[in-house]
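*Asks:* Here it is, the structure, as structure tokens.
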């Protein structure tokens, strides 16, 4: 059983948080299914290698580059989204405006008026995430929000009725926008293109999307990966007020509730990361022989180093576990103290403790074990 340090506990917790965050973003999309398939291939590779199936493990290892390219191609949108959400610059210099909604009653009235007339509609409310790359072929409006304008935009026969309306900062910014469709498998069959478009944008961003069903006259609100059916205008107004108020006015959930929410996937992620850490930490380390340059310090005043032989030594390195860096890719130095040398030839002993090795690597031997140093005195300048 490896000795667990405080750094190892922090390492496991950080990786668990990152993986759970990625899972929570993409768990309902096809991305998580592709990741599961890649995980099975990687696990199969380790099994075949440990079992001594050389040809199978060699073929899988040669596919490593192809798999990296495949991940980049398949997950280019997800990678861009994840990097944007993880970026600290987003909070410092990015889009930091607070979403506002001073007209939820007007919007709720217009939406349920459309539902009563069985007129389909999609209304997108932008929050923190930028939506430009997800909206296509929109027509710029920049108009004030009003119930008659919203009803007219979606009225059958209007040139802008086919598509979504984008609301940002209390303005109707665009109309007739095309949204990305959800790729989730297992959605109810009665969900049409509007519902899939609303979910598609909500899954990719933090936008709030209100959708009106033309066939059933129902109003739903898409947020993250959920689609909530709203019974009346009051319920829609309440949801918009809660979601579009500035963050400082929204009540924060208690810490205990945030910690124990979705407890099962959180525990599964933590156990999986811990098992992976144990598997790598107990794996035997690699042993390699690498060169190390000689460096010197403490040369007395009035003396000069003329020659050192040899100028470098070879070091036997062993990684302490599978988590340690590879010993074959290290630039090492052995630092010798010259404070006790005398003029002429000196022989200094080299011990493994003089070699500077990164954490996780142990020096188990050096060769040669001594170095010859030639010193001469330097006359003082007058």
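What follows is calculated from the coordinates using simple rules that are stated; it is not laboratory data. Given the structure is predicted, the values throughout are model-derived calculations rather than measurements. Counting neighbours? That spans all protein chains shown, and the Cβs are built from the backbone with ideal geometry, glycine included.
*Asks:* Rank the residues 144, 239 as a footprinting-exposure proxy: fewest other Cβ atoms within 10 Å of their Cβ go first.
*Replies:* On the way: 144 10, 239 18.
The order, fewest Cβ neighbours first, is 144, 239.
*Asks:* If each residue's Cβ is checked for other Cβ atoms within 10 Å, how do 244, 38, 10 rank with the fewest at the top?
*Replies:* Details: 244 21, 38 15, 10 10.
Ascending number of Cβ neighbours within 10 Å: 10, 38, 244.
*Asks:* Further, regarding this structure: Arrange the peptides 60-72, 187-199, 211-223 so that the one whose residues have, on average, the most other Cβ atoms within 10 Å appears first.
*Replies:* Details: 60-72: 11.6, 187-199: 17.2, 211-223: 19.7.
Going by the mean number of other Cβ atoms within 10 Å, highest first, we get 211-223, 187-199, 60-72.
*Asks:* Quick check: Cα centre of the stretch 35-62 to Cα centre of the stretch 203-243, how many Å?
*Replies:* 45
*Asks:* Specify whether the C-alpha gyration tensor of the stretch 104-245 places it in the rounded, prolate or oblate class, a ≥ b ≥ c being the square roots of the eigenvalues: rounded for a/c under 1.5, otherwise prolate if a/b is larger than b/c and oblate if not.
*Replies:* Working: a/c = 1.18, a/b = 1.08, b/c = 1.10.
Note, shape of the stretch 104-245 comes out rounded.
*Asks:* Regarding the stretch 287-377, what are the three Cα extents along the principal axes, ordered largest first, in Å?
*Replies:* Computed over the Cα atoms, the extents are 49, 20, 17 Å.
*Asks:* Given labels modelled 7 Å from the Cα in the Cβ direction, how far is it in nm from residue 347 to residue 333?
*Replies:* Output for this residue pair reads 2.7 nm.
*Asks:* Right, another one. In what order do 241, 311 fall by count of nearby beta-carbon atoms within 10 Å, going from fewest to most?
*Replies:* Details: 241 16, 311 9.
By the 10 Å Cβ count, ascending, the order reads 311, 241.
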